[in-house]
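Q: Have a look at this one.
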Amino acid sequence: MYRIIARHPEITSLSTIPRRINLLRPKRRCLPRTVGVGTIHDDFQPQPGDVVVGEHWGSSGFANTDLDLQLKQHGVRHIVLIGMIANTCIEATGRFGMELGYHVSLVKDATAAFSAEAMHAAHAINGPTYAHAIVTTEELLAQLFA
């Protein structure tokens, strides 16, 4: 399944992502309201029969999307989390998924954050509160192909 996120057209690399997010003032946005639909990298284009989940605007991939519906329609009960940002989007999606009854696996070497401290918090402190398994890519692949 593919999940499209909102992406500002001027963001071309991690170094251009605004790093100041004021959580105490939720009406302030990291990105302007003119953010368009994100795109899927050319190397990961959906293939015939693949599912593309609706765009989201918040931290969780479940909130305000059809992700839960799509997963349930396809009989998926286990989600594997990879990507950005480990201590916000990945964590929010994992927590929401766990509360919806999914088995959650967090792949610690396939997530990223903006600091070592954020990665530590995401994997060592917060991850165990929602993830049923915290694994490396190698461990995940070994389990999938066992």
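FYI, it's all coordinate maths here, none of it is from the lab. All values derive from a computational prediction rather than experimental measurement. When we count neighbours, we look across all protein chains shown, and the Cβ atoms used for this are built from the backbone with ideal geometry, even at glycine.
Q: What list of ³J(HN,Hα) couplings, whole Hz, do you get for the stretch 100-114 from phi and the Karplus terms 6.51, -1.76, 1.60, once you set θ to phi - 60° and write x for glycine and proline?
A: Calculated HN-Hα couplings, in order: 7, x, 7, 7, 10, 10, 9, 9, 5, 9, 10, 10, 9, 9, 8 Hz.
Q: A follow-up question, please. Give the long-range amide H neighbours of F62: residues separated by 5 or more places, or on another chain, with amide H under 5 Å away, using H modelled in the peptide plane at 1.01 Å from N.
A: Close amide H contacts, sequence-distant or interchain: none at all.
Q: Going highest first, how would you order 89-98, 124-133, 72-81, 42-51 by mean Cβ packing within 10 Å?
A: 89-98, 124-133, 72-81, 42-51
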